[in-house]
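The values are calculated or read from the model by the stated rules, or taken from the named source; none is laboratory data. All values reported here derive from a predicted model rather than from experimental measurement. Cβ: placed from backbone, ideal geometry, glycine included. Neighbour counts: every protein chain shown.
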Amino acid sequence: MAREIRTRFAPSPTGDLHVGNIRTALFDWAYARHTGGKLIFRIEDTDRERVTDEYIARAIETLKWLGLEWDEGPEVGGEFGPYLQSQRLDIYTKWAKTFLENGDAYNCYCSTEELEARREAQRASNQAPGYDGKCRSLTPEEVSKFLAEGRKPVIRMRMPDGETRFTDLIRGEVVFEHKYVPDFVLMRADGSPLYTLAVAVDDVLMKVTHILRGEDLLSSTPRQIRVYQAMGLATDELPAFAHLPFVMGTDNTKLSKRNGEVSIAWYREEGFLPEAICNYLALLGWSPGDDKENITMKELVELFTIERVNSSPARFDMKKLEAINGDKIRALTIDEFLTRALPFLLKEQVVKGEESEIEVVRKALPIIQERIARMKEVVPMLRFLFVNEVTFDDESAAKVNEADSKKVISTAIEALSGLSLWSHGEIESALRKALIEGLGLKPRNAFGPVRIAVTGSHISPPLFESMELLGKERSMARLESAVR
Ligand code: GLU
Ligand code: ZN
């Protein structure tokens, strides 16, 4: 029987999860779901100065919000826990000791200054910099001398001569010559484990079969494989690696704070829907096989294979993400749209959450659904419905105060004051008759000033519907106050 596929998402949350992390999580999730396997969520928090409880809590919440549910990990538990590395320190210590006993690792007593001086010499003579193996075979006398000096050793893994060769599922055959992979530290002098030890021990103990992760970790793979082997894994038992292509910013360098927005928290605050973020990130390095760009999570799961992941870097394109987000917003039912919009309106205090306000919002949403690309835009779009008086920005104030605008607005007041039925259709025909036929204006010049007077802005939901929603009394009062 083929072994069950087990993938893992193993972030070190030293801040909010970023685009790269989530793309990795999404691919691990999609692969596990596609194959009927398991997704393990492991928090790599051995550096407790940089990985805080708060960041961990936010990472967990972010994955939940995105709908990337895991089968083993924080909150859900599992057979191979705990899933926080900070709770597994004794396991890493035990394995480091085993490696020492088996001769796979050794104690290294070199001080930071000594290592630095030797590295300097390597550089000066054009040798590859890296640990030179000095402590590989110390005599008992040398060891006693170091201990007498009060030195505390680190534990170093011995890299045998030769090379590490493996088939990356995305990049094909990869070879690392060991002369460029020096003996590396597994455990610091204070007994704390390094990343390479913890990550590899956990992959083995958690029975991970497939590692999909960012390309930046490719160079650590030979060290990781070395640890797997020291733990007794045979070549055909090693997990398979799939290193995902870099995500680049607009300037074609790796996406970072400098050339784009990276924090998923920012996308959430802007009003990108989780299904839009997942849909878009899925396209960063993967494609469903045709030109299709709008896919559901269900389709992603059905179609996701590693063969369709590309090895060349993917460019992050905000315009495309916005287009997808707009599509997802338009696909919402009005009830869903309302549920998603309300938090934005509450946060910006556009509404207090009263029943009557929510009814107004519900009526207004259909007229803006076609017009927004980020949920946050509901705030400026709908605010005019809930204020007593509109406030103008400088540009709108100047426009509404022009003599021509005053004339348009006065004419509109006359035309509308006699309307008995206050519907958008009636409003529209009255205004067209008075302003376009009567004054001979182009629609833009006719409706622009009315729009600003009523909503406070030249960007608003469709004008006639907006006036209907606002009601006759309030619409007329705003028009009148604009010409006073
Ligand atoms: N914890 C590592 C990181 O966040 C990733 C480990 C891995 O995926 O192998 O960079
Ligand atoms: Zn040493």
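Does Glu177 qualify as being on the phi < 0 side of the Ramachandran plot, at pLDDT 95 or above, in contact with a Ser or Thr (Cβ under 7 Å, 6 or more places away or on another chain) and of a type outside the set (A, V, I, L, M)?
The answer is no for Glu177.
What is the one condition in (1) away from ligand 1 (no atom under 11 Å from the Cβ); (2) assigned to a helix (DSSP H, G or I); (3) buried (at least 19 other Cβ atoms within 10 Å of the Cβ) that Lys94 does not satisfy?
In the conditions (1) away from ligand 1 (no atom under 11 Å from the Cβ); (2) assigned to a helix (DSSP H, G or I); (3) buried (at least 19 other Cβ atoms within 10 Å of the Cβ), Lys94 misses (3) alone.
Which of the numbered conditions does Arg88 fail, given that it passes all the others? Conditions: (1) within 16 Å of ligand 1 (Cβ to nearest atom); (2) of a type in the set (D, E, K, R); (3) at pLDDT below 95.
Only one criterion is unmet by Arg88, namely (3).
With respect to Asp28, is the statement that it is surrounded by fewer than 23 Cβ atoms within 10 Å (Cβ to Cβ) and more than 16 Å from ligand 2 (Cβ to nearest atom) true?
Criteria not met by Asp28.
Going through region 133-165 one residue at a time, which ones are under 40 Å from the mean Cα position of the chain (by Cα), of a type in the set (D, E, K, R) and not in a loop (DSSP other than H, G, I, E, B)?
Selection gives Arg156, Glu163, Arg165.
Looking at region 251-272, is at least one residue under 30 Å from Met157 (Cβ atoms), in contact with a His (Cβ under 9 Å, 6 or more places away or on another chain) and either without any contact (Cβ under 8 Å) to a residue 60 or more places away in the chain or not in a loop (DSSP other than H, G, I, E, B) (or both)?
no
So, of the residues in region 10-25 that are closer than 16 Å to Ile306 by Cα and touching a residue at least 60 places away in the same chain (Cβ under 8 Å), which turns out to be surrounded by the most Cβ atoms within 10 Å (Cβ to Cβ)?
Selected residue: Arg23.
Quick grid of which residues meet (1) more than 27 Å from Val19 (Cα to Cα); (2) touching a residue at least 60 places away in the same chain (Cβ under 8 Å):
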site	(1), (2)
Glu163	yes, no
Phe166	yes, yes
Met187	yes, yes
Ser192	yes, yes
Tyr195	no, yes
Arg223	no, yes
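Kindly provide the set of residues from region 404-425 that are in a helix (DSSP H, G or I) and either in contact with a His (Cβ under 6 Å, 6 or more places away or on another chain) or under 30 Å from Leu346 (Cβ atoms) (or both), ordered by number.
The answer is His424, and nothing else.
Report the residue count in region 326-350 for those that are buried (at least 17 other Cβ atoms within 10 Å of the Cβ) and among the hydroxyl-bearing types (Ser, Thr, Tyr).
Selection size over region 326-350: 0.
Among the residues of region 363-403, write down those that are surrounded by 15 or more Cβ atoms within 10 Å (Cβ to Cβ), assigned to a helix (DSSP H, G or I) and not aliphatic (A, V, I, L, M).
Scanning region 363-403 gives Lys376, Glu377, Pro380, Arg383, Phe384, Ser396, Lys399.
Check off (1) at pLDDT 95 or above; (2) within 17 Å of the chain's Cα centre (by Cα) for Tyr31 and give me the number that stays unchecked.
Among (1) at pLDDT 95 or above; (2) within 17 Å of the chain's Cα centre (by Cα), the lone unmet condition for Tyr31 is (2).
For every residue, the table says whether it meets (1) within 14 Å of ligand 1 (Cβ to nearest atom); (2) of a type outside the set (A, V, I, L, M); (3) part of a helix (DSSP H, G or I).
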{"site": "Asp16", "(1), (2), (3)": "yes, yes, no"}
{"site": "Thr24", "(1), (2), (3)": "yes, yes, yes"}
{"site": "Asp28", "(1), (2), (3)": "yes, yes, yes"}
{"site": "Glu61", "(1), (2), (3)": "no, yes, yes"}
{"site": "Lys64", "(1), (2), (3)": "no, yes, yes"}
{"site": "Glu75", "(1), (2), (3)": "no, yes, no"}
{"site": "Gly81", "(1), (2), (3)": "no, yes, no"}
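When region 126-164 is examined, which residues are found to be more than 21 Å from Met187 (Cβ to Cβ), surrounded by 13 or more Cβ atoms within 10 Å (Cβ to Cβ) and either within 16 Å of ligand 1 (Cβ to nearest atom) or β-branched (Val, Ile, Thr) (or both)?
Thr164
Any residue in region 467-484 that's touching a residue at least 12 places away in the same chain (Cβ under 8 Å): show its pairings with residues that are assigned to a loop (DSSP other than H, G, I, E, B) and buried (at least 20 other Cβ atoms within 10 Å of the Cβ) at Cβ separation under 9 Å, as long as the two are six or more apart or on different chains.
From region 467-484, the pairs are Leu469/Pro461; Arg478/Gly456.
List every residue pair whose Cβ atoms lie under 8 Å apart, where the two residues are 6 or more positions apart in sequence or sit on different chains, the first residue falls within region 103-132 and is part of a loop (DSSP other than H, G, I, E, B), and the second residue, located anywhere, is within 16 Å of ligand 1 (Cβ to nearest atom).
Matching pairs, first to second residue: Tyr131/Phe184.
Taking into account only those residues within region 189-245 that are within 24 Å of the chain's Cα centre (by Cα) and aromatic (Phe, Trp, Tyr), which is nearest to ligand 1 (Cβ to nearest atom)?
Tyr195
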